[in-house]
Amino acid sequence: MKKVYGSAAEALDGLLFDGMLISAGGFGLCGIPELLIAAIRDAGTKDLTVASNNAGVDDFGLGVLLQTKQVKKMISSYVGENAEFMRQYLSGELELEFNPQGTLAERMRAGGSGIPGFYTKTGVGTLVAEGKEHKDFDGETYILERGIVADLAIVKAWKADDTGNLVFRKTARNFNPPAAMSGKVCVVEVEEIVPRGSLDGDQIHLPGIYVHRIIQGEHEKRIEQRTTRKREAA
């Protein structure tokens, strides 16, 4: 089965529709599937619900889909550093479902593992728990969280072979593996496609069974702000 495509637009052909749920990898500005996000923007697909740790910044990552108002709802853990996100949310233009980071990652992983829901203590007694089933185990209260099964997963990896085996580089191995697992269809952009058999099996972070389509492309290297302070005098 062909998995390697020539461009992001080709890889997404036939997969996009209005109102769909997308799981997106990335954390802060690291490991963002920027080429696939740009192709979704260009396709004009709207009323999207996007599950992602964050929404990028105003001009990068999922922020570009917020600028074009293609996103209806975000399922996220962190929403700082994006003025347009804040503006749309406060004006009622954008729905927001807050999830603790660990809960969101596990919701994605659970969905990809065929687990419809799980109980966690995280969020008990807070707004996160409102409207969710509560259950006691061994004298402790837990809330039920549902696994996420997305119509489409978009992720960024460092290397892939043509069967879809993936290797992530350092911090980019963040939400990308669970996001990939959660999609009914998973499309991956990578920096390099290597010959089949050249990846060490013990170093593969996500097996190709989860990956349906792959593209190779050039990526912008961005870093978040670094905070420093002067060394104190001895």
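The values are calculated or read from the model by the stated rules, or taken from the named source; none is laboratory data. Just so it is clear, the structure is predicted and the values come from calculations on it, not from any experiment. In this analysis, Cβ positions are derived from the backbone assuming ideal geometry, glycine residues included, and neighbour counts consider all displayed protein chains. Quick note on the areas: whole protein, heavy atoms, side chains included, nothing else; ligands and nucleic acids left out. Shrake-Rupley method; radii C 1.70, N 1.55, O 1.52, S 1.80 Å.
Can you list the strands (runs of 3 or more DSSP E) found entirely within the stretch 121-234 that contain at least 3 residues being acidic (Asp, Glu) and modelled with pLDDT under 95?
Strands (runs of 3 or more DSSP E) meeting the threshold: none at all.
Any idea which residue in the stretch 1-49 is least open to solvent (accessible area, probe 1.4 Å), counting only those that are over 21 Å from residue 191 (Cα atoms), outside any loop (DSSP other than H, G, I, E, B) and touching a residue at least 60 places away in the same chain (Cβ under 8 Å)?
22
Can you pull out every residue in the stretch 84-107 that is at pLDDT below 95, in contact with a Gly (Cβ under 9 Å, 6 or more places away or on another chain) and assigned to a helix (DSSP H, G or I)?
84, 85, 86 - these are the residues of the stretch 84-107 that are at pLDDT below 95, in contact with a Gly (Cβ under 9 Å, 6 or more places away or on another chain) and assigned to a helix (DSSP H, G or I).
Quick test for you: out of 111, 80, pick the one residue that is open to solvent by less than 60 Å² (accessible area, probe 1.4 Å), outside any strand (DSSP E or B), small (Gly, Ala, Ser) and at pLDDT below 95. Spell out how you get there, then give the answer.
Values: 111 fails: at pLDDT below 95.
That would be 80, the only listed residue that is open to solvent by less than 60 Å² (accessible area, probe 1.4 Å), outside any strand (DSSP E or B), small (Gly, Ala, Ser) and at pLDDT below 95.
Being within 15 Å of residue 24 (Cβ to Cβ), open to solvent by less than 10 Å² (accessible area, probe 1.4 Å) and not hydroxyl-bearing (Ser, Thr, Tyr) is the requirement here; does residue 166 meet it?
Considered against the rule, which asks whether it is within 15 Å of residue 24 (Cβ to Cβ), open to solvent by less than 10 Å² (accessible area, probe 1.4 Å) and not hydroxyl-bearing (Ser, Thr, Tyr), residue 166 comes out as no.
Within the stretch 54-73, track down each residue that is surrounded by fewer than 24 Cβ atoms within 10 Å (Cβ to Cβ) and farther than 25 Å from residue 13 by Cβ.
Within the stretch 54-73, 57, 58, 59 qualify.
So, of the residues in the stretch 121-148 that are touching a Ser or Thr at 6+ places or on another chain (Cβ under 6 Å) and touching a residue at least 24 places away in the same chain (Cβ under 8 Å), which turns out to be nearest to residue 62 (Cα to Cα)?
So the residue we want is 148.
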